[in-house]
Each structure stands twice: as structure tokens, then as C-alpha cells.
Amino acid sequence: MIYLLTSIALSTGIFVLFQRFTLWNVHTLQAIVINYGVAATLGWMLCGGRSIFVSVQSEPWVWTALAMGLLFIYLFHLIARSTQELGLTVTSIASKLSMVLPVAIFLAFDPLDDLTLHKGLAIALAIPAIVLSSWKEERISAKQGMMRWLVPLVIFVGSGCIDLMFAAYSGEAHMQSVEHRYLFASLPLTTACIAGVFWLAASGQLNVPSRSTAMAGLGLGIINFGALYFLLEAYDKINLERSGLMPVNNLGVILLSAASSVLFLGERLNRRNRFGLALGALVIVLLLWETVSR
């Protein structure tokens, strides 16, 4: 359970750090690229470098992870843009609801993933819990109308694909050693970093980052890699099917983010938020009950 709690805490740290970027005058794209460079470097150092890659390069998860790096950099930047232009509400709903895609796929096609009463009720409550806990009254201009639906849809599908990849390859059948898990987390980060450098160069933004941008990227990279690694460890160590673990992780991030916002950022929760957070807590209890009763 410590792996899941650590992943939730680090994932929450990513959102909190993103919220401070504007206050610290951080160049978002540069910080994101630095973040991927730092995270990838940590992963390669811990996994053992080129030798471990050569030993598993024929495995399908290797090339899937490398290709997913392109989605990493695009989606991370899109989430930042959506947060800045549409607000945290729309963005968080889209990214957290992404769990519906892999959960539905595992329940439909994984013979080891059973739909029990507790799990079915928990998953059914997860969607209103996410929406209500993130909901706030916001006004947007007519110009933002198309973006309000298109961008969250892309975030929803993209985040779902990333969740599906990590959940599908996280078991012992693919991750046969701790070095494999380090490598698995490092591969998409490496592709994202390389793609980000080309993106900066093509847009004329490839220059020496400010101190605040460099520090933000460094901190984000350490947190980002840790969140990915501990999530993989949670998939491997916790006795709960993947369709149950994903809602626990996502709702745990929501609950901790809400607590952090209230305690440290002075955010006030409305009645819908409080009800949604209560539903989220109930979802976690139901899924943990499923784990303990097995």
C-alpha cells in the first residue's frame, strides 16, 4: 500500500507545482522538457543503462513505451494550456475521467479481472465523484466554446491510452525485475524529452532557461519519475485488479489535491465539491474492502 500512497502523493505534487508556474514566471514548455530530461536520466541511471535495454529490446512493451513518449509531451503541454485557458475544473475532469477507458477494457477482455458487486458500485460512483469534486462555476467566452469540448476530449482519450499502457504491461509477465520497471518508466520520458527539444527548436524557444524555469523543471522531473515508478510498483505489489487500482489512484489524487488546495492555497470547496469528495472516499473504501476480503 505504501507504493500506491507514495504515487498518489507525488502525482498530487505535480498538480500543485503546475499551479505555481505562473506565480514563479516559469516558461511552461521549457520546464516540461527539462522535467522529461531529468526524469529520463534518473530512470536510465537506476535501470542500468544501455545493457538492460539491449537485453529486452525485442519485447513489445519497449517500443510501445517509446512511441507513447510522443503522447507524453503533447498531452502534458495540452494539460498546462487547458489549465491556463479553461481552468483547472474542465482539465481535471477530463484527465481523471480517463480511467474509464482502461477500466472498461480490462473488465471486458481480462479473464482475471472480475466485476464484483463492490467493484461495480465503486466504479459507478467514481464518475460522479470525480465530476462533483472538481466542479466549479466558471464563465468562458464564445471563442473558447470549441476548445472547451475539443481539448478536454483529447486529454480524456490521451490520458486513457497512457493509463492503459502502464496497466497492461505492469505485471510480472512483462516486468520481470525492478530494472525493467525503471526502464519502462524511462523510455517514454526519453522520447518525450527528445521530441520536446525539437519542439522548442522549431518554435524558436530553444534558449537558456531562467533560474526559476530550470528549478521548476528539475523538481517536476524528480516528482514525475517517482510518481510513474511507484504506480508501476503498486500495480505489481497490491492484490487488487487493475480495474480497481486505477480508480483508487485517481480518486486518491483528487482527495489529496483538494486537501492541499484548502490547507495551502486557500481554496474554498462548495457543496458539490464536498459531496464529490465524500463519494470519492466511499469509492476508495469499497475497493479497499474488496482487497481485504479476498
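Name the residue, out of Gly252, Gly204, that is of a type outside the set (Asp, Glu) and in contact (Cβ under 8 Å) with a residue 24 or more places away in the chain.
Values: Gly204 fails: in contact (Cβ under 8 Å) with a residue 24 or more places away in the chain.
Criteria check complete, one pass: Gly252.
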Problem set entry | Criterion violated by Gln144 - all others in (1) of a type outside the set (A, V, I, L, M, F, W, C); (2) within 24 Å of Pro247 (Cα to Cα); (3) modelled with pLDDT under 75 satisfied | (2)
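Do any helices (runs of 4 or more DSSP H) lying entirely in the stretch 1-119 carry at least 2 residues that are touching a residue at least 24 places away in the same chain (Cβ under 8 Å), charged (D, E, K, R) and surrounded by fewer than 17 Cβ atoms within 10 Å (Cβ to Cβ), and which ones are they?
Working: elements: 2-20, 28-47, 50-56, 60-85, 88-96, 100-109.
Here the list reads 60-85.
The values are calculated or read from the model by the stated rules, or taken from the named source; none is laboratory data. For clarity, every value in this text was computed on a predicted model and none was experimentally measured. Cβ atoms come from the backbone with ideal geometry, glycine included; neighbour counts cover every protein chain shown.
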